[in-house]
1. Scanning for something in the same structural domain as Gly118 (by TED's automatic domain parsing), within 25 Å of Glu180 (Cβ to Cβ), surrounded by 24 or more Cβ atoms within 10 Å (Cβ to Cβ) and more than 14 Å from the ligand (Cβ to nearest atom), does the range 46-62 turn up at least one residue?
2. For the range 350-379, give me each residue that is part of a loop (DSSP other than H, G, I, E, B) and either on the phi < 0 side of the Ramachandran plot or in contact with a helix residue (DSSP H, G or I) (Cβ under 7 Å, 6 or more places away or on another chain) (or both).
3. Hey, which of the helices (runs of 4 or more DSSP H) in the range 653-715, taking only ones fully inside, have at least 1 residues that are at pLDDT 95 or above and surrounded by fewer than 21 Cβ atoms within 10 Å (Cβ to Cβ)?
4. Just checking, does the range 81-97 include any residue being within 15 Å of the ligand (Cβ to nearest atom), more than 13 Å from Phe53 (Cα to Cα) and surrounded by fewer than 21 Cβ atoms within 10 Å (Cβ to Cβ)?
5. Name every residue in the range 191-202 that is open to solvent by less than 70 Å² (accessible area, probe 1.4 Å) and more than 18 Å from Ile165 (Cβ to Cβ), in order of residue number.
6. Which residues, counting only those in the range 26-45, are over 21 Å from Asp92 (Cβ atoms) and either within 16 Å of the ligand (Cβ to nearest atom) or touching a Ser or Thr at 6+ places or on another chain (Cβ under 8 Å) (or both)?
Amino acid sequence: MAEGDAVRVITLDNPPVNALSFAYCKELLAAIEAAESDSATRAVVIAGANGIFSAGADVNDFAQEPPADAITVRDVIGAVERSEKTYVAAIDGNCLGGGLELALACDYRGASGRSRLGLPEIRLGLIPGAGGTQRLPRLIGARAALELMLKGSSVSAERAVELGILDEITPAPVLEAAVEFARRVADSPTAETPRKRRLSAREAEIGPGVPKIALPYVAAQAHKMLPPEERGGLAAHRLVDAVEAAMELPFALGVAREARLFEELARSKPSLALRHVFFAERELAKIPDIAGTGRSDATARHDIVSAGVVGAGTMGSGIAIAFAQCGIPVTVVDSNDDAVDKARQTVMGMFMYQVQKGKLTQEEAWRRAQAIVFTDDWRELAAADVIVEAVFEDLDVKRDVYAKLDGIAKPSAILATNTSTLDIDRIAEATKRPQRVLGLHFFVPANIMPLLEIVRGAQTSPEAIAFAFGAGKTLRKKAVLSGNAFGFIGNRMILDYLREAMALAEDGNSAARIDGVMRDFGFPMGPFAMSDLSGLDVGLHIARARGDEGKGRTDVLRRLVDMGRLGQKSMAGFFRYDKAVGKGREAIADPVVDEIFADAARSAGIPARHADDAEIRERLLYALINRGAYLLEDGVALRPGDMDIVYIYGYGFPPHHGGPMWYADEVGVDKVYGRIREFEAQFGPQWKPSALLRGVAEDGGTLGAADARKALSHA
Ligand code: 3H9
């Protein structure tokens, strides 16, 4: 199947994911040109090595201006488009972004049943930029194409056939079947299987039964449903523009329009931020001093056969569901019958809800619920590979649990605590195997929130950390390593953020306004609504654990808790809630709370002081950044990107701003540092800037590029 053969196979082979980098596209173009110049070749099959068709263009290439002579995926696709030979895409595995765009330029597309296809560019703040926005609407209609590209998620081969993206699911081996098919088409084309089927030659339709005249209306509707450009919607709006071009313009002009929009987006701040998030996620599991972490090794180590959970409270049942929904049987130990009854209901309720939503079949829901066994017999934990303790947040209670587990768990088991405030080392001391003790800090609700902090104690072994990353992968969580320090990464940083929110409210700026400013920045909720959601009693408990209660400027938090205003769960906290408004989840401003702040401020002698929106935003975000820099300095966090992932997946930080540490770089570390110095002078020592931040600011550098030790040596 090489030179001289009627069907030539070109295999995409650029490990690990056959990314279509400039360098690789040069090779690919040469292979296509060789096929084109071989008169014996009548058909070309494009397939992929490495278990994947292609993950699309190489995202690293967008970081810099392409060299003038760069060969891009557009050039490769252009060559396929111009060819008079038959091109067949033989897809086996993921076929994404530029990879799918290449397949769309082929005349036929077949894929194995395990394949997944999609145009995920929107997740990188981009639009498909190699003809995808022009060919897909011509293939499946503008409406369906837009829906797929706006979601950015991939679809199964089966769904791709239904949508009309694929011609068929090809029986294995895909390549042989594709070669056979290509030979048949090249030798004896029919009306149904002609030699050429260029999508560029077709007209795009909106969708079945929708006349083309409705285009302006459909486009206006689509724009209306999207978030504003400045709040994360930039690429989505450009995508609608590109699809409109597919409907209105001849193919060549549409493709040129798409390319212009793509290049503009590739340089936009949201896309830079989202590409940072993409790579930061892939860095998470790479722990420099731990063999067995990182991509290939971590995947080899997540073989959890069974899990255990101690404590059937909200957290314990959420963690049990998280394991069960990933197919891992789990034993939950609790001797409190009421707690177990409630947990059983929670578990059934959760799986039934998924059935109602059409996400699970009745049988699957039943099977998953059956995978969770409740018992009061601790010995049933003996076989578990990992046991997560989720009992009351009290050191003595937890130490007792660990002493007991030590006598029951098998020697290889990982003993994980879900504490959010306690010292892992003090907990580990209660066992004879501190090297197998670590923190697995889940976020509420544990079965839904995608973040998991893995907390490394002083004696936690590298193997235990590698195992925990494997467990994170199994649980489909973004797992981030944290040092053993109060609040770990996420909660430690949030304390500074909440400190500033409280101080601003004590100055007479309303909670509703402060929350509104942060929502405008892109958070789904502001600091006060977030506190209401997690529970003011929980906040007070953390303040007490830290010995902070009474150290703040006022006692507003305690007053609210004393009044029974515990947050959303009691229908009142910093806001009030009404079952008739947003199902009881919508925060409604409450003048009573403004009065409590005013009264507490009067008692503490705090004068009223208006802060404008910019100050509110800066104080909250720069508090996060300064604390984040301290955590880097102290080695609690490994990389700025790790903290960005914690904030995006755990606290709703808007991804198009890249996370707090990326945002510092976007604003300019010198500027952030300058404002922090001003806040220090104006508000006090809580604003003392981190030495790392100072070093980076003085160097004129970025946190992303900073070597913490180098920057510190300046300080
Ligand atoms: C595009 O196509 C633009 C065009 O429309 C227009 C152009 C003009 N580039 O995720 P993994 C690396 S935009 C560079 O751990 P998995 C990744 O960093 C692109 N590198 O594996 C990692 O490196 P390392 C649109 C990439 O099995 C390694 O590959 N396409 C790319 O869990 C393994 O990745 C996308 O957005 C890339 N495109 O998941 C698809 N993709 O080992 C993005 C991966 O050094 N990719 N890498 O850490 C994915 O969704 C997943 O990587 C995939 C595999 C599902 C493919």
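1. The answer is yes, given that some residue of the range 46-62 is in the same structural domain as Gly118 (by TED's automatic domain parsing), within 25 Å of Glu180 (Cβ to Cβ), surrounded by 24 or more Cβ atoms within 10 Å (Cβ to Cβ) and more than 14 Å from the ligand (Cβ to nearest atom).
2. Once the filter is applied, which keeps residues that are part of a loop (DSSP other than H, G, I, E, B) and either on the phi < 0 side of the Ramachandran plot or in contact with a helix residue (DSSP H, G or I) (Cβ under 7 Å, 6 or more places away or on another chain) (or both), the range 350-379 yields Lys357, Lys359, Leu360, Thr361, Ala371, Asp376, Asp377.
3. Because the criterion is at least 1 residues that are at pLDDT 95 or above and surrounded by fewer than 21 Cβ atoms within 10 Å (Cβ to Cβ), the helices (runs of 4 or more DSSP H) in the range 653-715 that meet it are 660-667, 669-683, 691-699.
4. So far as the range 81-97 goes, yes, one or more of its residues are within 15 Å of the ligand (Cβ to nearest atom), more than 13 Å from Phe53 (Cα to Cα) and surrounded by fewer than 21 Cβ atoms within 10 Å (Cβ to Cβ).
5. Pro194, Lys196
6. Hits for the range 26-45 are Lys26, Leu29, Glu36, Arg42.
For every residue, the table says whether it meets (1) farther than 30 Å from Pro685 by Cα; (2) under 31 Å from the mean Cα position of the chain (by Cα); (3) assigned to a loop (DSSP other than H, G, I, E, B); (4) of a type in the set (Gly, Ala, Ser).
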residue	(1), (2), (3), (4)
Ser531	no, yes, no, yes
Leu540	no, yes, no, no
Leu557	no, no, no, no
Glu586	yes, yes, yes, no
Val592	yes, no, no, no
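For every residue, the table says whether it meets (1) touching a His at 6+ places or on another chain (Cβ under 7 Å); (2) surrounded by fewer than 21 Cβ atoms within 10 Å (Cβ to Cβ).
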site: Asn418; (1), (2): yes, no
site: Asp425; (1), (2): no, yes
site: Ser461; (1), (2): no, yes
site: Ala468; (1), (2): no, no
site: Asn484; (1), (2): no, yes
site: Met502; (1), (2): no, no
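The values are calculated or read from the model by the stated rules, or taken from the named source; none is laboratory data. Everything numeric here is computed off the predicted structure, so don't read it as measured data. Cβ sites come from the backbone with ideal geometry, for glycine too, and all protein chains shown count toward neighbours. For the accessible areas, the whole protein counts, side chains as well, though only heavy atoms, and no ligand, DNA or RNA atoms are used. Shrake-Rupley method; radii C 1.70, N 1.55, O 1.52, S 1.80 Å.
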